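Values quoted throughout were computed directly from the atomic coordinates according to the rules given, and no laboratory measurement underlies them. These numbers come from a predicted model, not from an experiment. Backbone-built Cβ (ideal geometry, glycine too); neighbour counts: all protein chains shown.
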Amino acid sequence: MAARYPYDNFDDEQKEMTLRSGLDEVNEALEKEVEDRLHIAGIEILEARIGYLAYAEEIASAMLRRQQATAIVAARHKIVEGAVSMVDMALDELSKKNIIELDEERKAAMVSNLMVVLCADKDVTPVVNSGTLYN
């Protein structure tokens with residue numbers, strides 16, 4: 001069974017059957033495989049299951065790092081998605097309420113600043129700008 005199915009999907013977009021994701025189907029295939037082999041001896045198989053799956057010790061730490069990296073990328077994706085939505089909402093609200101009119105360069109600076117603040121993984125330090133954007 002281990003040779004027939006990969007342990008896990010290495011590409012999260014991939015929908016391939018794996019030992020981890022398709023355990024019920026893998027167990028059915030295991031049961032059939034064992035039954036086919038032992039049927040000629042008159043042995044009836046009632047159930048066959050994989051009880052425990054684990055990486056070999058020498059690759060376990062590398063796979064743990066891969067899982068952590070996948071989780072970090074997924075979290076970052078959500079953070080950026082939310083930040084873009086918030087920046088878009090901020091620009092729309094400023095425009096709708098005529099609070100300030102921004103040219104394209106000032107919009108770009110505002111977007112850049114907001115994205116840094118919203119996506120940073122550390123607390124931001126406020127900076128007071130005493131000049132203008134063009135000085």
Legend entry - Label assignment, Cα extents along the principal axes in Å derived from the structure, set [x] 58, 50, 23; [y] 88, 35, 18; [z] 57, 45, 35: [y]
Inset, instruction - Measure off 7 Å from each Cα along the Cα-to-Cβ vector at SER61 and VAL128, then give the distance between these two points in nanometres to one decimal. - result: 5.0
Inset, instruction - Output ³J(HN,Hα) for the stretch 95-104: one whole-Hz value per residue in order, computed from phi by the Karplus curve 6.51 cos²θ - 1.76 cosθ + 1.60 with θ = phi - 60°, and x for Gly and Pro. - result: 6, 4, 8, 6, 6, 7, 9, 10, 6, 4
Legend entry - Computed magnitude of the charge dipole of the chain (debye, nearest 20; Cβ of K, R +1, Cβ of D, E -1): 600
Inset, instruction - Using a cut-off of 13 Å between beta-carbons, work out the net charge of the residues near ARG37 (Lys and Arg +1, Asp and Glu -1, ARG37 not included). - result: -4
Legend entry - Residues with amide H under 5 Å from that of TYR7, placed H, sequence gap 5 or more: LEU19
Inset, instruction - Mind checking which of ALA62, THR18, SER85 is farthest towards the positive end of the chain's charge dipole, using Cβ charges of +1 (Lys, Arg) and -1 (Asp, Glu) about the Cα centre? - result: SER85
